[in-house]
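Values quoted throughout were computed directly from the atomic coordinates according to the rules given, and no laboratory measurement underlies them. The model shown is predicted, which means the values in this text are computed figures rather than measured ones. Methodologically, a virtual Cβ is constructed for each residue, glycine included, from the backbone with ideal geometry; neighbour enumeration extends over all protein chains shown.
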Amino acid sequence: MKKIIVLTPIKNEEWILDIFLKTTSCFADHILLADQNSDDNSASIAKKFPKVDVIKNNSSDFNEAERQTLLINTARDKYGSNNILLAIDADEIVAFSSLKSKEWELIKYSEPGTILFFEKPTFYNGVEFVIRYQAQGGWPLGFVDDGTQHKPEFIHSTRIPFNDNAPKLVLKEIKLLHCNLLSLRRQRAKVRYYCILESIANSKPWYHRLRMYRRSYDYAKQEGDGLAPAPIEWTDGWIKKGIVFKQPEIMEHYWHDRESLKLLKKYQFRTFWFEDVWDVNWKNVGDYFKITDVNYNHPSIFISLFREMTYYLIKFVFFLKNLI
């Protein structure tokens with residue numbers, strides 16, 4: 001009988017991990033966490049759940065390819081073959097109404113190699129509204145394991161082995177509620193970190209990063225199918241069980257800021273002058289995390305103005321393209 005194995009990388013996920021493990025334990029047979037040097041309470045939270053196995057990801061660097069390969073290979077070694085592998089992040093919570101869906105049986109009887117697509121409605125600055133993605137057809141987050149080799153990328157990689165010719169199953173009822181925008185401030189710290197990582201990896205053109213990693217989240221409300229009220233059946237069952245979706249604690253700086261500053265220091269600040277990562281005082285970040293010997297070489301007002309003008313030019317070009 002196929003087992004449902006959830007594969008989740010974690011690094012300092014204390015803010016959401018308890019909710020994730022409580023909800024995920026309701027449908028998963030096993031939850032495999034790859035902990036990358038968390039220095040919060042993530043490890044102690046994980047120990048409370050009998051379905052959870054924690055493995056160590058000792059890498060000091062961000063690398064999605066590395067951690068995805070670690071999770072998939074460990075799942076195969078630990079739980080055997082022909083299982084259902086679901087690659088779900090800690091801030092992606094199953095909707096309560098999804099638990100009784102007949103689609104779980106449909107998944108279990110899918111042929112080996114089948115890729116599973118899920119919609120991820122995104123909570124926006126609270127749980128009253130979500131950004132929907134019904135027209136997109138979902139994200140490939142699951143896989144009926146047939147042993148296919150995973151070929152991941154450094155960042156924004158497809159999480160499971162993907163083959164264009166493989167059978168595909170698009171799930172309509174099972175929803176994964178993305179909680180990354182519950183706190184816009186926390187997400188902004190994460191976005192700055194991703195912007196710096198992508199700049200180093202040169203994985204996207206500069207103009208793409210400038211648009212994608214903008215400090216404002218007004219654009220998010222126009223993503224996918226736009227902003228819509230969140231159906232109460234997605235969360236009311238969890239609330240009745242005492243599981244409350246709440247905005248994470250607002251902190252002065254998050255661990256993403258610490259990692260960002262380390263990269264700014266390593267590759268030199270001027271390398272990132274044209275990136276949209278200067279809405280935070282990096283000297284304050286260094287003082288907060290006690291990072292010393294940093295040459296805080298910030299961009300001039302002229303470079304900042306050029307970056308801003310370029311952003312609005314890009315925005316105008318995309319506006320014109322949408323009119324055509």
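General observations
- Sites residue 47 and residue 244, calculated FRET efficiency, Cβ-Cβ separation with R0 30 Å, nearest 0.05: 0.85
- Under a 5 Å amide H cut-off, with hydrogens placed 1.01 Å from N, residue 168 pairs with 115 among residues at least 5 apart or on other chains.
- Whole-Hz Karplus values for the stretch 267-275 come out as 9, 6, 4, 5, 4, 10, 4, 8, 8 Hz, taken residue by residue from phi with 6.51 cos²θ - 1.76 cosθ + 1.60 and θ = phi - 60°; glycine and proline positions read x.
- Close amide H contacts of residue 148 (hydrogens built in the peptide plane, cut-off under 5 Å, sequence separation of 5 or more or a different chain): none are found.
- Taking 7 Å steps out from each Cα toward its Cβ at residue 227 and residue 291 produces label points 3.2 nm apart.
- Longest DSSP-loop-exposure-free segment, chymotrypsin sites (Phe, Trp or Tyr not before Pro), the chain, at most 14 other Cβ within 10 Å: 110-295
- Per residue of the chain, the DSSP helices (runs of n ≥ 4 H) give a summed -39500 (n - 2.57) that works out to -10500 deg cm²/dmol at 222 nm.
- Amide proton proximity set for residue 40, modelled H, under 5 Å, gap of 5+: 12
- Loop-located trypsin sites (Lys or Arg not before Pro) in the stretch 236-324 (DSSP state not H, G, I, E or B) with no more than 16 neighbouring Cβ atoms inside 10 Å: 241, 246, 290.
- Distance histogram for the stretch 4-178 (every C-alpha pair counted, 5 angstrom bins, percent rounded to whole numbers): 1, 8, 17, 22, 22, 18, 9, 3, 0
- Length-normalised contact order of the chain in % [C-alpha pairs under 8 Å, at least 6 apart]: 17
- Ascending count of other beta-carbon atoms within 10 Å, so fewest first, for 17, 70, 184, 33: 184, 70, 17, 33
- Its Cα gyration tensor gives the chain an equivalent ellipsoid; the semi-axes, largest first and in whole Å, are 34, 23, 20.
- In this simple spin-label model, placing a label point 7 Å from the Cα along the Cα-to-Cβ direction at both residue 312 and residue 252 gives a separation of 3.4 nm.
- Sequence-distant contacts, meaning Cα pairs under 8 Å at least 6 residues apart, place the relative contact order of the stretch 4-178 at 25 percent.
- Backbone geometry of the stretch 105-116 corresponds, through the Karplus equation with coefficients 6.51, -1.76 and 1.60 at θ = phi - 60°, to 3J(HN,Hα) couplings of 5, 4, 4, 5, 9, 6, 6, x, x, 5, 9, 9 Hz, x marking Gly and Pro.
- On the beta carbon distance between residue 283 and residue 26, with R0 = 51 Å, the FRET formula returns roughly 0.65.
- Between the exposed loop cleavage positions of the chain, defined as GluC sites (Glu not before Pro) in a non-H, G, I, E, B DSSP state with at most 13 neighbouring beta-carbon atoms within 10 angstrom, the longest gap is 1-127.
- Hz values of 3J(HN,Hα) by residue in the stretch 24-34 - Karplus curve (6.51, -1.76, 1.60), Gly and Pro given as x: 5, 5, 6, 10, 8, 7, 9, 10, 9, 9, 9
- Of interest is the spacing of the C-alpha centroids, which for the stretch 163-189 and the stretch 238-277 amounts to 20 Å.
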